[in-house]
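Dumping the structure here so I can ask a few things about it.
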Amino acid sequence: MNLNPSTPQPLYMQIRQMLKNDIQNGKYKPDEQIPTEAELCETYNVSRITIRKAIEELVKEGTLTRIPRRGTFVASNKFHNELLSISGFSEFSHQLGKIPNSRILRSEVIAAPKDVAGHLLIEEGSPVLELERLMYVDERPLFYDTAHYSLLRFPDLEKKIARDESTYKILLEDYHTEIVSNDKIIDVIGATKIHAKYLECDIGANLFRIVKIAFDANDQPVHLSTFMCETNKVNLTVHRAK
């Protein structure tokens, strides 16, 4: 397919379609880097502005993804996250056949803000563990998570959470608390500078924000978590009850 300057379709849209065809035909595979803007300018004999607009269109629709300081890549095949699932990240990773890997960015004991206290049904100002983590699949960051746990209910959790194992396993084995249900609130926001840094995406990129309140068998809240992930990396699914 050659560029046709006489057609009403802008050049950047023609290049967008040509790149998309190359991806669909397997010339560029998921997670593979595409040529640089300079190389594409030379290939199509157009300006960098035209190439940049074509790439921006493909990033917006989720076909390509930009990784700061590395380049532009074909988007990964999306992971499916079952919205009704009660599993934690470790269990989610195992379901994908992946080895869970997370990095604690910050672990701090704070006084519970009003909104956190309300979700956890504790008094405002009560001690809570605020845990900020980055969760990886195939060595690529997938979820940026900020979680809160009541330290009145789970004393010394801040000391145990550093162990390299499932948080849900720690809750079950050390505190005899099992997660049996959750509520989730989902919306889409633009990535902030912090989100972009940790998730390796553009500032302003579309992110799912998933606020989860997990409950035990007595319908008491166990933790509040807020997950951020790029919309072009995860499909949120709901399966009908059997």
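Among TYR12, TYR28, TYR44, whose mean-square fluctuation peaks in a Gaussian network model of the chain (Cα, cutoff 10 Å)?
Per the Cα network of the chain with a 10 Å cutoff, TYR44 tops the list.
Using 32 Å as the Cα-Cα cut-off, could you pick out the over-long pairs in LYS169/LYS197; LYS27/LYS212; LYS27/LYS60; LYS114/LYS197; LYS53/LYS193?
LYS27/LYS212
Any aspartates and glutamates with Cα under 20 Å of the LYS159 Cα? List them, leaving off those in the same chain fewer than 8 positions away.
Within the straight-line limit of under 20 Å, LYS159 reaches these aspartates and glutamates: GLU108, GLU130, GLU132, ASP145, GLU173, ASP174, GLU178.
Something else about it: Quick one: which residues, 5 or more positions from SER76 or on another chain, have an amide H under 5 Å from its amide H? H modelled 1.01 Å from N in the peptide plane, none for Pro or chain starts.
Answer set, sorted by chain and number: ASP31.
Pop out the ³J(HN,Hα) list for segment 192-202 in order, Karplus 6.51 cos²θ - 1.76 cosθ + 1.60 with θ = phi - 60°, rounded to Hz; leave Gly and Pro as x.
These are the phi-based 3J(HN,Hα) values: 7, 4, 5, 4, 4, 4, 7, 8, 6, 10, 6 Hz.
Over segment 124-240, with every protein chain in place, what whole percent of the accessible area is carbon and sulfur at 1.4 Å, could you tell me?
49 percent
While we're here: Just need the relative contact order of the chain here, percent rounded to a whole number, with Cα pairs under 8 Å and 6+ apart.
Value for the chain: 18 percent.
Right, something else. Per residue, how many Å² of accessible area does segment 113-242 show with a 1.4 Å probe?
Normalised by residue count, the accessible surface of segment 113-242 is 51 Å².
Quick query: amide H of ARG209 versus all other amide H atoms, modeled in the peptide plane; which residues come in under 5 Å with a sequence gap of 5 or more or a different chain?
Amide H neighbours of ARG209, under 5 Å, 5+ apart: ASP187, VAL188, ILE189.
Enumerate the calculated ³J(HN,Hα) couplings along segment 104-118 in order (Karplus 6.51 cos²θ - 1.76 cosθ + 1.60, θ = phi - 60°), each rounded to whole Hz, writing x wherever the residue is Gly or Pro.
6, 8, 7, 9, 9, 8, 10, 7, 4, x, 4, 5, 5, 4, x
For segment 6-52, run through the trypsin sites (Lys or Arg not before Pro) and keep only the ones in DSSP coil with at most 15 other Cβ atoms within 10 Å of their Cβ.
Counting only loop positions with at most 15 other Cβ atoms within 10 Å, the trypsin sites (Lys or Arg not before Pro) in segment 6-52 are LYS27.
For LEU142, enumerate residues with amide H under 5 Å from its amide H, sequence gap 5+ or separate chain, H modeled in the peptide plane.
MET135, TYR136, VAL137
Return the label of the correct value of Rg/Rh (Cα atoms, Kirkwood Rh), as calculated from the structure shown, out of (i) 1.07; (ii) 1.03; (iii) 0.99.
(i)
While we're here: How large is ³J(HN,Hα), in whole Hz, for each residue of segment 216-224 in order, when computed from phi with the Karplus curve 6.51 cos²θ - 1.76 cosθ + 1.60 and θ = phi - 60°, using x for Gly and Pro?
Values per residue, Gly and Pro as x: 8, 5, 8, 6, 9, x, 9, 7, 10 Hz.
Another question about this same structure. Would you compute, from DSSP H runs of 4+ residues alone, the mean residue ellipticity of the chain at 222 nm, taking -39500 (n - 2.57) per run and dividing by the full residue count, rounded to the nearest 500?
-8000 deg cm²/dmol
Right, here's the next one. Just to be sure I understand: of the beta bridges DSSP finds with both ends in the chain, what percent are antiparallel, rounded to 5?
Restricted to the chain, the bridges split so that about 95 percent are antiparallel.
The values are calculated or read from the model by the stated rules, or taken from the named source; none is laboratory data. Predicted model only: the values in this text are computed from it and were never measured. Ideal geometry is used to build each Cβ from the backbone, glycine not excepted, and the neighbour counts take in all protein chains shown. Surface accessibility is based on the protein's heavy atoms, side chains included, excluding ligands, DNA and RNA. Shrake-Rupley method; radii C 1.70, N 1.55, O 1.52, S 1.80 Å.
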